[in-house]
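Asker: What follows is a single structure, and I will ask about it in a moment.
The values are calculated or read from the model by the stated rules, or taken from the named source; none is laboratory data. The shown structure was predicted, so the numbers you read here are calculated from the model rather than taken from an experiment. Counting neighbours? That spans all protein chains shown, and the Cβs are built from the backbone with ideal geometry, glycine included. Ligands, DNA and RNA are stripped out before the accessible areas are found, and what is left, the full protein with its side chains, is counted by its heavy atoms. Shrake-Rupley method; radii C 1.70, N 1.55, O 1.52, S 1.80 Å.
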Amino acid sequence: MSRRKKIYEGKAKILYEGPEPGTLVQYFKDDATAYNAEKKAVIDGKGALNNRLSEFFMQGLTAIGVPNHFIRRLNMREQLIRQVEIIPLEVIVRNYAAGSICKRLGLEEGMHLPRPIIEFCYKDDALGDPLVSEEHIIAFGWASQQDLDDMVALALRVNDFLSGVMLAVGIRLVDFKIEIGRIWDGDFHRLIVADEISPDSCRLWDLETGRKLDKDVFRRDLGDLADAYTEVARRLGVLPKNGLGESPKPRLVN
Ligand code: UDP
C-alpha cells in the first residue's frame, strides 16, 4: 500500500492514485476529528463502517439515477472512485434545525424547518469553512450559476433518497453535507456527488428515542461512536451478522 502514490490526505480519508486514469482509491481512516480538528481520536472500526455505509448510499443513488463517484468497494477500508475536480464548497441540506444554524439564528434544536434549507460553506480549514452566499460563489468563480442550479437539484435528490432510506429504518435525517465534483468531457462538464456519505457527515436521530447516531456522539461525548455507526449499519442491513471484524478468529472444528 505504501508504494502507491498518495494524492491527498484529509482528516478522515486518504486518496491514492487509482489503477486506471480517471480513477482514485479512497481509503477510510479510523481518525475522528471535530471542531475544525481541535478534538481528535482514533475510533476502532470507524473507517470500515464508513466505507460500507458510503458504498451503500452511493449504490442507492446510482440505482435511482443520481450520478456519483462510486465505482466499487475494493476491501474493508478502500473503494475505487472516479476522479473529479472537487468544487470547493460544502453543500449542506437541513430538514430539522441542529448545529450551527441553531447558534446562528437562535433556533431550537429539533425544530422542523418549513422546507429543506440548502447552505453553502467555503471549504477552507484555516477560515473554519465559512458560510457563503450564492453571490460570493459566483463572484469568486467557485461555481457558475448553472453549476449552482445543478448542485441544488442534486442535493435535493440526495435529501429525498436519504430521508426515505433512513425513515424506513426508524431514523430521522436531520441534516447532512455533501461535496460535488466536476467530470470533464472536452470543454463540457457535468456534476456528480463525490467524497462520502456516512454518519460522519449526517445528523441521524432515532425516530422514537431521539438517540443520536452520528458524529455528534463524538463531538459531544455522548457514548461510543463505533456503537452508534454500527447501529445505523445494522438497521440498514449493511453489516454481516457477526459485524465487521478485520479477520474472524479461527474456530476449532471437530
Ligand atoms: N458537516 C460536515 N463537515 C463539516 C461541517 C458540517 O460533514 O465540515 C455536516 C455535519 O455533520 C452536519 C451538517 O453538515 O450533519 C451541518 O453541520 P453544521 O453546519 O450544523 O455544523 P456543525 O454544527 O457540525 O459544526
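Asker: Residues in the stretch 142-162: is at least one under 16 Å from the mean Cα position of the chain (by Cα) and part of a loop (DSSP other than H, G, I, E, B)? Don't jump to the end; show me each part of the working.
Answerer: Quick first cut of the stretch 142-162, residues under 16 Å from the mean Cα position of the chain (by Cα) only: 151, 154-162.
Applying the additional criterion that residues be part of a loop (DSSP other than H, G, I, E, B) yields none.
No: zero hits.
Asker: What single numbered condition from (1) open to solvent by less than 30 Å² (accessible area, probe 1.4 Å); (2) under 25 Å from LEU204 (Cα atoms) fails to hold for ARG77?
Answerer: Condition not satisfied by ARG77: (1).
Asker: Let me ask another. Out of everything in the stretch 19-70 that is open to solvent by less than 10 Å² (accessible area, probe 1.4 Å) and among the small types (Gly, Ala, Ser), what residue ends up being farthest from VAL232 (Cα to Cα)?
Answerer: Among those that are open to solvent by less than 10 Å² (accessible area, probe 1.4 Å) and among the small types (Gly, Ala, Ser), it is ALA34.
Asker: Going through the stretch 80-90 one residue at a time, which ones are surrounded by fewer than 21 Cβ atoms within 10 Å (Cβ to Cβ) and within 21 Å of GLU119 (Cα to Cα)?
Answerer: As a first pass, look at the stretch 80-90 and keep what is surrounded by fewer than 21 Cβ atoms within 10 Å (Cβ to Cβ): 80, 82-83, 85-86, 88, 90.
The answer is GLU85, ILE86, PRO88, GLU90.
Asker: Within the stretch 109-141, how many residues turn out to be assigned to a loop (DSSP other than H, G, I, E, B) and not hydroxyl-bearing (Ser, Thr, Tyr)? Talk me through it step by step, then tell me what you get.
Answerer: Filtering the stretch 109-141 for residues assigned to a loop (DSSP other than H, G, I, E, B) gives 109-111, 123-124, 128-130, 133, 140-141.
Remaining after also requiring not hydroxyl-bearing (Ser, Thr, Tyr): 109-111, 123-124, 128-130, 140-141.
Counting residues in the stretch 109-141 that are assigned to a loop (DSSP other than H, G, I, E, B) and not hydroxyl-bearing (Ser, Thr, Tyr) gives 10.
Asker: If you scan the stretch 163-192, which residues turn out to be farther than 23 Å from GLU108 by Cα and over 17 Å from the mean Cα position of the chain (by Cα)?
Answerer: Let us first name the residues in the stretch 163-192 that are farther than 23 Å from GLU108 by Cα, namely 164-165, 168-169, 178-192.
Answer for the stretch 163-192, where residues must be farther than 23 Å from GLU108 by Cα and over 17 Å from the mean Cα position of the chain (by Cα): ALA168, VAL169, ARG182, ILE183, TRP184, ASP185, GLY186, ASP187, PHE188, HIS189, ARG190.
Asker: Could you go through the stretch 147-166 and let me know if any residue there is free of Cβ contacts under 8 Å to residues at least 40 places away in the same chain, closer than 26 Å to ILE183 by Cα, open to solvent by 50 Å² or more (accessible area, probe 1.4 Å) and among the small types (Gly, Ala, Ser).
Answerer: Scanning the stretch 147-166 turns up at least one residue that is free of Cβ contacts under 8 Å to residues at least 40 places away in the same chain, closer than 26 Å to ILE183 by Cα, open to solvent by 50 Å² or more (accessible area, probe 1.4 Å) and among the small types (Gly, Ala, Ser).
Asker: Please work out which one of (1) within 17 Å of LEU191 (Cα to Cα); (2) within 16 Å of the ligand (Cβ to nearest atom); (3) in contact with a helix residue (DSSP H, G or I) (Cβ under 6 Å, 6 or more places away or on another chain) is the condition PHE28 fails and give its number.
Answerer: Evaluating PHE28 over (1) within 17 Å of LEU191 (Cα to Cα); (2) within 16 Å of the ligand (Cβ to nearest atom); (3) in contact with a helix residue (DSSP H, G or I) (Cβ under 6 Å, 6 or more places away or on another chain) leaves (1) as the failure.
Asker: Related question: Within the stretch 111-133, take every residue that is farther than 21 Å from ALA155 by Cα and away from the ligand (no atom under 11 Å from the Cβ) and give me the one that is surrounded by the fewest Cβ atoms within 10 Å (Cβ to Cβ).
Answerer: Of the residues in the stretch 111-133, the ones farther than 21 Å from ALA155 by Cα are 125-128.
Cutting the leftovers down to away from the ligand (no atom under 11 Å from the Cβ) gives us 126-127.
Numbers: ALA126: 6, LEU127: 10.
This residue is ALA126.
Asker: Shifting gears a bit: Looking at the stretch 88-104, can you tell me whether even one residue there is over 23 Å from GLY210 (Cβ atoms) and either in contact with a His (Cβ under 7 Å, 6 or more places away or on another chain) or not hydrophobic (A, V, I, L, M, F, W, C) (or both)?
Answerer: Checked the stretch 88-104: at least one residue is over 23 Å from GLY210 (Cβ atoms) and either in contact with a His (Cβ under 7 Å, 6 or more places away or on another chain) or not hydrophobic (A, V, I, L, M, F, W, C) (or both).
Asker: In addition: Of all residues in the stretch 182-204, how many are within 16 Å of the ligand (Cβ to nearest atom), in a strand (DSSP E or B) and open to solvent by less than 30 Å² (accessible area, probe 1.4 Å)?
Answerer: Initial filter on the stretch 182-204 (within 16 Å of the ligand (Cβ to nearest atom)): 193-204.
Right, trim to in a strand (DSSP E or B) and you get 193-194, 202-204.
Checking the rest, the ones that are also open to solvent by less than 30 Å² (accessible area, probe 1.4 Å) come to 193-194, 202, 204.
Result for the stretch 182-204: 4.
Asker: Open to solvent by less than 20 Å² (accessible area, probe 1.4 Å), closer than 20 Å to GLU196 by Cβ, within 13 Å of the ligand (Cβ to nearest atom) and not basic (Lys, Arg): does that describe ASP175?
Answerer: Details: open to solvent by less than 20 Å² (accessible area, probe 1.4 Å): yes; closer than 20 Å to GLU196 by Cβ: yes; within 13 Å of the ligand (Cβ to nearest atom): yes; not basic (Lys, Arg): yes.
Here the answer is yes, as ASP175 does meet what is asked.
Asker: Taking the stated definitions as given, is ASN95 more than 15 Å from the chain's Cα centre (by Cα), within 16 Å of the ligand (Cβ to nearest atom) and over 16 Å from LEU24 (Cα atoms)?
Answerer: Working: more than 15 Å from the chain's Cα centre (by Cα): yes; within 16 Å of the ligand (Cβ to nearest atom): yes; over 16 Å from LEU24 (Cα atoms): yes.
For ASN95, the condition - more than 15 Å from the chain's Cα centre (by Cα), within 16 Å of the ligand (Cβ to nearest atom) and over 16 Å from LEU24 (Cα atoms) - is met.
Asker: Is there a residue being without any contact (Cβ under 8 Å) to a residue 60 or more places away in the chain and aromatic (Phe, Trp, Tyr) anywhere in the stretch 32-47?
Answerer: Residues of the stretch 32-47 without any contact (Cβ under 8 Å) to a residue 60 or more places away in the chain: 33, 38, 40, 42, 47.
Okay, now just the ones that are also aromatic (Phe, Trp, Tyr), so none.
Within the stretch 32-47, none of the residues are without any contact (Cβ under 8 Å) to a residue 60 or more places away in the chain and aromatic (Phe, Trp, Tyr).
Asker: State the number of residues belonging to the stretch 149-172 that are within 14 Å of the ligand (Cβ to nearest atom) and of a type in the set (A, V, I, L, M). So that I can check it myself, show each step before the final result.
Answerer: Of the residues in the stretch 149-172, the ones within 14 Å of the ligand (Cβ to nearest atom) are 155, 158-159, 162-163, 166, 171-172.
Still in the list and also of a type in the set (A, V, I, L, M): 155, 158, 162, 166, 171.
Residues that pass the stated criteria total 5.
Asker: Here is a follow-up. Hey, can you tell me all the residues within the stretch 64-102 that are part of a strand (DSSP E or B) and β-branched (Val, Ile, Thr)? Show your work before the answer.
Answerer: Keep residues of the stretch 64-102 that are part of a strand (DSSP E or B), which gives 68, 70-73, 78-82, 85-86, 89-96.
Once the filter is applied, which keeps residues that are part of a strand (DSSP E or B) and β-branched (Val, Ile, Thr), the stretch 64-102 yields ILE71, ILE81, ILE86, VAL91, ILE92, VAL93.
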